[in-house]
Structure formats: C-alpha cells, structure tokens
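*Asks:* Dropping the structure in here first, questions after.
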C-alpha cells in the first residue's frame, strides 16, 4: 500500500462569521499518495487555493481532520505550523515574490539559512535543478518572468521538502515560459519523488498531472486519474 | 554574512536618502545630548573643584552681631566660621569710575579664600594693599603695581594692587542677588585685609561666613544655623545656592541640563517618526515576500527580529558617531565656557556613561520606532499576504466635500481625499511640522522674550539714565541739575534689606524714591501703574515667597545700619529683573533716618539730544560726585550680545527646518512609493508630470498647513515651559513671542517641507511607466 502524503476528512474553511460568512471549503474528503502530481482545477472562488493553503499549513481549517506527511495539522499551533512548513513543504506562487535586493542565489540561500540548513551548497544545487545556475548572481530585476519563477521554485525546493505546493505558477507567464516552468516542476516530481499539488484554472495544464481534482463552490466535484500524462513541452493553450 | 543581514543592508541602501536623514537626525540628537550633558557635568565639576579648593562658604550671615562667629564655630556641624567685612564704595581707576566692593579677608582665612592668579597676596597688616578681582583687572587692564583710588568720606584714598585674584564668590561678578547682571566695568571687587575694611565705618557690613563639616545633613543643618543666626539678631542669611554668583552660574548650568533633555526628545522623536513611516511602508511593500518567507518556514520571531533590526541598526548608525561627536563637543564647550567665565580651575569630565546612554537612546529609540511595523510584519499570515497587497487607505467622501457648498472638482476631491487617505502618515507629516516649529520657536521665543523684557525693564520701568554715587551723603542736588544736558535729578536711596513676614525672610534691595518720582514706574502684572504712598511696593514673587498680600504688615531690617521698622504691603510690581522693594523716600527718612542719609544717591535723566558720555564726564567732575553709573548699560550690552543670540537661533532654525525636512521628506517619498502604480497609470492616461507634481504638492502643503496652527500652539506651550524653567525671583522669564515671529517660523518650516518634496517630484518626472505597469512594483 502506498504511503499517503495528504489525508483529509470533512475538511472545511469558513471566512468571516454570521451574515458575511463565506464557506470557501465544505467537507472535503481527500487522500493523495506520496509522489503524485496532482492538479487542483476549478474556477475562481472554487476553493482550490484554500485547500492548497490548508495543506501547506499557512491557513487553519475551521472543521475536519487534516494529516500531511503523517503529521496532523488541525491540532498544530502557530509554532508547530511554522516548523511543519519549514521541514515538509515548499511553496511557489503566481507572483514570484523574490526579494529584489538579493541575488537569485541569495534568495534561495535565505530560505536554507532560515530553515537551519547548510546555505550555499544546497542553494546552488537547487538553482542547478531548475536550470538557473548560470544566473545565480543576477538580481531579480535582471531576470525574465520565467527565470524569476524558476528561482522561486529553487527557493521552494532548496530545503528538499516532501511536498511542493504551487498556486497558479504560470499565471503571470507566457506560454513558452510557462511550459518551461511546468517542466521544471514535473522533473522535480519525477526525479525527487516529490508530491506536487498544483493549483490552476487552466484545464490544459491538467493534462500533465497524474491526477486531476476539480473543485466548485468549495467541494470536490470530480477526482480523476490520468494514466497518460503529457510532457510539459507538449502542452498548448 | 547571513543573507538576512545582506537583505537588511541592501534594503537600507535602497532607501538611503530617507535612512540618511534619519541617521543624521539621530546623530544630531545624540551629539547634542552628549555635548550638553557632559558640558553640564564638566561645569558642575569645575565649580565644585574650585569651591573645594577655596573653601567656598555654605552659609552667609549678613549684618552679623558681635560674637556670632564664636557661637557658630563651636557648633558640631560647622567646620569653620569667620567674620569679614564688606563695603560698597566708588573706585577711581585712571579717569574711569565705578561703584565697587571691597571685601575683607581675615588673616589665615580658610573660608572664601582668594586664589592669587598673578602677583602676591597682600600683607595682612598693610591697609594700602589690595588684590584686584580678575574681572575688575581685565575690565580696567589693571596690573600688579597699579593704583586704584577708593572713595572714603575723607576723599579718594589710593591703594596698591599687589595681586590679581579670583574668588568663588565673584566668579560671576554679581553685585547682589537683585543685580545679577552687573557689567564688569560697572562693578568690580577688591580684596583687602579685613581690619582695613572694618575701619571703613558704618557703611561696612559685618558678615560671618560658615563652612559645614563633610557628611552633615546640609539642608537641615543650614536651616538650623540660619535660624540660630537670625535669632541672635543677624540681618539676613543666605546659602550657597542663593549666593549671587553661584545662583547666576547655576542658571547657565541648568540651561545645559535642560538642553540635554530637550534636544534628544525632539531629535530622537523626529528620527523615530521618520523610521516608523519608512518601515511601515517597507512592511507593506514586502508583504508578499514576508508571506512567502513565512510560508517557507520563517518563524514569527525571525520576522520580528529582522524588521526590528532596521530600527536598531539605523539608530545605532546615528547614535555611535553621535555619542563620539558629543563627547568631543562637550570638551570644546567646557573649555570655551570656563574660559569665557574665567573659572580658575577647569575640570573636563567625560562621563563614560554619557556616550553609553547616547548609544542606548539611539538603540532604544530605533527599536521603539521599528516595534510597531515589526509587530505588523510578524502578525502577517502567509495566506492573507498572498491575497495581494492591501489597499493603501480607503476611499471615502470627506467632511470637507460634504460641507463645501457646490461640487468640488475631481482634482480638488483627489487632493482632499489623498490628504486624509492614510491618517497615520498625515499625522507623521504633521508631527514633523510640529517638531520643527517647536525647535525654532523655543529658540526664537527666547530672543523675543529677552528683547521684550529688556524693553520693559529699561524703557517702560526705569526712566533714569544714570545713578550718581557720592563721596559723602549729599545735602543738595542742585549742582547736578545745572550740568548741561541733564533734564531731571531726583534723590534716591538704595540699601540692602531683609523683609520678614512671620518665619519667612527675603533679602533684597530697598529703594527710596520721591513720592511723585519720574525716574521709575511701578507697573503691575496687568500693566496698571501704582504710585508710592505710605506702604511698601514689592516684587510680585514675594506674594508667594513670603506668603503676604496687600495690606499685610512686614518687618524691614536694613543691612548696613540695623534699623528695623514695620510697614504694610501697598502693592505688587511686576519687574523682569529682580524682586525689589520701593518706598516713598520721605516716609523712609522718617522711620529709618540713618540709612536714608547713608545710602543717599541721585537718579539723573538726560535730555534726549544730549551726548551721554559728555554728560557723564561733566557729572563726574561735579564736586562730591564719586561715580556715575549708566542705568541702561546693561541693555546696551545685551544688544551687543544679540548677535550671538541670533547665531544661536540661526542654528536652531537650520536644525528645526532639517527636522521638518527629514520627516516630510520621508512621508512624502513613502506616499509616492505606495502610489507608484496609480501615479504611473495616471501618467499613462496622459496626466502630465507637472499636473501630478501640482496635485501632490497641494496635497502635502494641505497637510502641512493644517498642522501649522496646532503646531504653533504646541510650540508656544513648549517654549513657555522651557522659559518657565528659568523663571525665578531673580529673572522673570515669561514667554513673549511677537506675532511676526510666529509667521516667520511657520514660513521657514513650510518652506523646508516644500523643499523636501523636490526629490519625490523628480521621481514622478522620471517614472518609467511601462516598467511599473509591467512589474506592478510595490
């Protein structure tokens, strides 16, 4: 039996209270195997980013049970969640959020330092893995959008997390650049057996996933396996 | 170097103009703190060392009865008690004259010794030898071997200067507590063998000077000994704190103490505000980065420490060199000041704790300024941060738009709403204006106050041009009235007295004027004019000091003659210099005839077109006249010193404008940085850089002008409080600020604020619209 990376039961997240309460996620039951490449698909407001944030422990469920990498998240306090994120997950966001005053290498190294790992070597290895080693000493302003996103991915994986969470990683990129970024994520998934949860509203990207989960109004409306994932460089949108 | 430190350093470098402004402000604040506090310490140490070296007395008993010295010397709290005499008499030095004082020094004196700086001490048995006080010697270029003539009832008597000396009693050559500001060429001191001074007759006042033993409880022992002396029949007592020279110098020392508090508060306050504005903006701008770092595992504590380090680092960057510069400046001030006052012993005290405190001020100030933004960064939830940048301020219809008749143009609405868009930042801009106004108005107010008070004292109250002293009490003043250029002459009596009410005593000067005198006006606090009558007019401070009111009877004890009489208080006069007493000369003649005769002098008023120097020489040539003292010389001297005052205010003006500049500059650049995208969008839509500059200028000026009125009110009260700290029975420092001063101060600060916009406005002109819109720079 495969090891479970994510296990959720009756997972719910409500923002606000009373008349202005919004149910972003309603009673989600979910299991994701380790090493799977999962795409969360759905329109705006369907709850995919909320689910990603809960799995990544940057948000707290209002109800339900959530276990990631064997750790029960719904019982963790703030310190515990920080420790969890530090040791288990890496994030990639639509906007790259690189620190403009640090070079590509320093941006990656910052995270390895903060998470108590040996800085420079791991950071360089991460940049190498995303094909950015030759641009290590460039500042973000000197990098293209795709390059910045690859540095952001390097930053996310430098600490060697078991789980990579990507929220619309190609949302700010053109087709060619987007494909290159997706290819990097796909390689990391394969080569490092890293579980990937990728949020997108672009249905085409779902073709490269092992599994596609569709959400609408905070609920999972479809959960399908993809027996023949397509390589990133063959995607068209 | 840790990457987070690299980030911090580069972030600070990115905002270098704003950071530099803050660093310089902290530097100036800490430097002024160190300089004024260490100068305060050095001056205090210099005085104390000098006082110990010469055995400066702890208590003076004037008009002391025979035998009191023995009683006091036997007291267990007393180390030494000595009797000496003083007499105020005219001196003639070459062709110049003044009313000076001869101070008797007993043989083997251990209290109030004279430090001989040049020449030698006099022979105790030689009645014609004196040591000239350093200030008198300097003012009249006296050297060892020169001769000074001293007035006696028998005529001018020559004495030889055998030495130049200094005494703790006359480090600042004050004639009395009521005449602290005597000029060196108007008043001087000779030290002579005490028996020779005692032989001067009834004009010589017998004093006992007392020095306490080490370790006794000073305040209670001084009170007990003073009560003992008064009970024995002494005229008055005063302590070292009340001694005229020491009291005058302590005003200066206190000034340094006040500055060591005021400056750091103003400058570090401004720097703190600037830091707060800058860092708050930085946290907003780095919101997404903070969210990402938090998502990747950065702990709250790490986030907090990181942003706190901006404040601490900036504070330290200004405070460390500021503390070093302050220590250096303190040395310069201490040497310059003690040199200017001619304190014989200069002790420069660089207290190690002062720079440490200076650095701590910078560190704590920086940390406090960064505290709130760092907390805000720490509290940022990653999920929340990822939802995009928070809008900078909410749009809402302002009160101005609601009450304005008719519809405002879109441009005006934008200006009004933007001014109120971020209340905290507008308040920071306003506070910059308030701090700048305060610094300028405190110093400018000092000039206005001094000028108004001098005008009141020497133009509105004193109406005489000169006071004439005689070799012997004059019978007839008509000869003075015949001197060409003299408009009026009146007799006057001036004598040191003690006024006693119950168990309280106040030593002052009693003046006797003609009932209908034209030489002095008696003005109340509300500028009503009082007339002399049968009672006593006294300075308004005696209302509280003696606990008396109009109609109460007080006892007046005359120092030189020992005459004592009771007299009712007829009114209170409000005079800037001193707290003195006034009586009708005829009434005084009737109840204290000895002093009325002994201390009789004359007041003279010149014709407006006459040459004062010519009249003075003519008056001095009149038979029987010993000296002519110009009564407005102090005002003239003060006018000469006004240049220094203006230089001081000029420096404060620059510093105040700089404060306003730094804060407004920081808030302005932050304001623009937050709105880069909207400004770029407006430019893209065809709004010209000039239009945008105008909008932003009007917006900032609106905030600054709105802050000016409350700023002037705050500045006025701070200035009034600062002045009040110098207010005493010796000086009335009631703040007076001329209306134009308010106007110029406000204009200076507004111009500084206006100028501080220029770098920001230049940024608008050079804004790369394409880049900003593409990158959504925050």
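The values are calculated or read from the model by the stated rules, or taken from the named source; none is laboratory data. Computed from a prediction, not measured in an experiment: that's the story for all the values here. For neighbour counting, all protein chains shown are included, and Cβ atoms are generated from backbone atoms with ideal geometry for every residue, glycine included.
*Asks:* Kindly check whether there is at least one residue in the stretch A:175-189 that is modelled with pLDDT of 90 or more, out of contact with any helix residue (DSSP H, G or I) (no Cβ under 8 Å at 6 or more places or on another chain), under 24 Å from residue A:136 (Cβ atoms) and crowded, with 18+ Cβ neighbours inside 10 Å.
*Replies:* yes
*Asks:* Take the residues in the stretch B:719-731 that are in contact with a helix residue (DSSP H, G or I) (Cβ under 7 Å, 6 or more places away or on another chain) and either in a loop (DSSP other than H, G, I, E, B) or at pLDDT 90 or above (or both); name whichever of them is farthest from residue B:509 (Cα to Cα).
*Replies:* B:725
*Asks:* Can you pull out every residue in the stretch A:107-130 that is surrounded by 24 or more Cβ atoms within 10 Å (Cβ to Cβ) and facing chain B (nearest Cβ under 7 Å)?
*Replies:* The answer is A:109, A:110, A:111.
*Asks:* Need pairs with beta-carbon distance below 6 Å; first residue more than 22 Å from residue B:47 (Cβ to Cβ) and within the stretch B:223-242, second at pLDDT 85 or above and part of a helix (DSSP H, G or I); sequence gap 6+ or separate chains.
*Replies:* That search, which allows pairs on different chains as well, returns B:232/B:68.
*Asks:* Could you say which residue among B:459, B:425, B:417 is surrounded by fewer than 18 Cβ atoms within 10 Å (Cβ to Cβ), in a helix (DSSP H, G or I) and either out of contact with any strand residue (DSSP E or B) (no Cβ under 6 Å at 6 or more places or on another chain) or in the same structural domain as residue B:669 (by TED's automatic domain parsing) (or both)?
*Replies:* B:459
*Asks:* Could I ask something else about it? Of the numbered conditions (1) touching a strand residue (DSSP E or B) at 6+ places or on another chain (Cβ under 8 Å); (2) in contact (Cβ under 8 Å) with a residue 24 or more places away in the chain, residue A:222 fails exactly one; give the number of that condition.
*Replies:* Failed condition: (2).
*Asks:* Which one of the conditions (1) at pLDDT 80 or above; (2) over 14 Å from residue B:466 (Cα atoms); (3) part of a helix (DSSP H, G or I); (4) out of contact with any strand residue (DSSP E or B) (no Cβ under 7 Å at 6 or more places or on another chain) does residue B:609 fail to meet, given that it meets all the rest?
*Replies:* Failing condition for residue B:609: (3).
*Asks:* Check off (1) in contact with a strand residue (DSSP E or B) (Cβ under 8 Å, 6 or more places away or on another chain); (2) surrounded by 21 or more Cβ atoms within 10 Å (Cβ to Cβ); (3) at pLDDT 90 or above for residue A:150 and give me the number that stays unchecked.
*Replies:* Tallying (1) in contact with a strand residue (DSSP E or B) (Cβ under 8 Å, 6 or more places away or on another chain); (2) surrounded by 21 or more Cβ atoms within 10 Å (Cβ to Cβ); (3) at pLDDT 90 or above, residue A:150 fails exactly one: (1).
*Asks:* Can you tell me which residues in the stretch A:54-73 are within 13 Å of another protein chain (Cβ to nearest Cβ) and touching a residue at least 60 places away in the same chain (Cβ under 8 Å)?
*Replies:* A:55, A:56
*Asks:* Does the stretch B:269-291 contain any residue that is surrounded by fewer than 23 Cβ atoms within 10 Å (Cβ to Cβ), within 28 Å of the chain's Cα centre (by Cα) and either assigned by TED's automatic domain parsing to the domain that holds residue B:133 or under 17 Å from residue B:32 (Cβ atoms) (or both)?
*Replies:* Within the stretch B:269-291 (the criterion being surrounded by fewer than 23 Cβ atoms within 10 Å (Cβ to Cβ), within 28 Å of the chain's Cα centre (by Cα) and either assigned by TED's automatic domain parsing to the domain that holds residue B:133 or under 17 Å from residue B:32 (Cβ atoms) (or both)), the answer is yes, since at least one residue qualifies.
*Asks:* OK, next. If I filter the stretch B:9-17 for residues that are modelled with pLDDT under 90 and away from every other protein chain (no Cβ under 14 Å), do I get at least one hit?
*Replies:* Taking every residue of the stretch B:9-17 in turn, at least one turns out to be modelled with pLDDT under 90 and away from every other protein chain (no Cβ under 14 Å).
*Asks:* To continue, here is another question. Is it the case that residue B:578 is at pLDDT 90 or above and not assigned by TED's automatic domain parsing to the domain that holds residue B:205?
*Replies:* No, not satisfied.
*Asks:* So, one more: Name the residues in the stretch A:78-87 that are more than 9 Å from chain B (Cβ to nearest Cβ) and in contact (Cβ under 8 Å) with a residue 12 or more places away in the chain, would you?
*Replies:* A:81
*Asks:* Additional query: Does any residue of the stretch B:469-490 turn out to be more than 24 Å from the chain's Cα centre (by Cα), without any contact (Cβ under 8 Å) to a residue 24 or more places away in the chain, assigned to a helix (DSSP H, G or I) and not assigned by TED's automatic domain parsing to the domain that holds residue B:543?
*Replies:* Checked against the condition, which is being more than 24 Å from the chain's Cα centre (by Cα), without any contact (Cβ under 8 Å) to a residue 24 or more places away in the chain, assigned to a helix (DSSP H, G or I) and not assigned by TED's automatic domain parsing to the domain that holds residue B:543, the stretch B:469-490 yields no hits at all.
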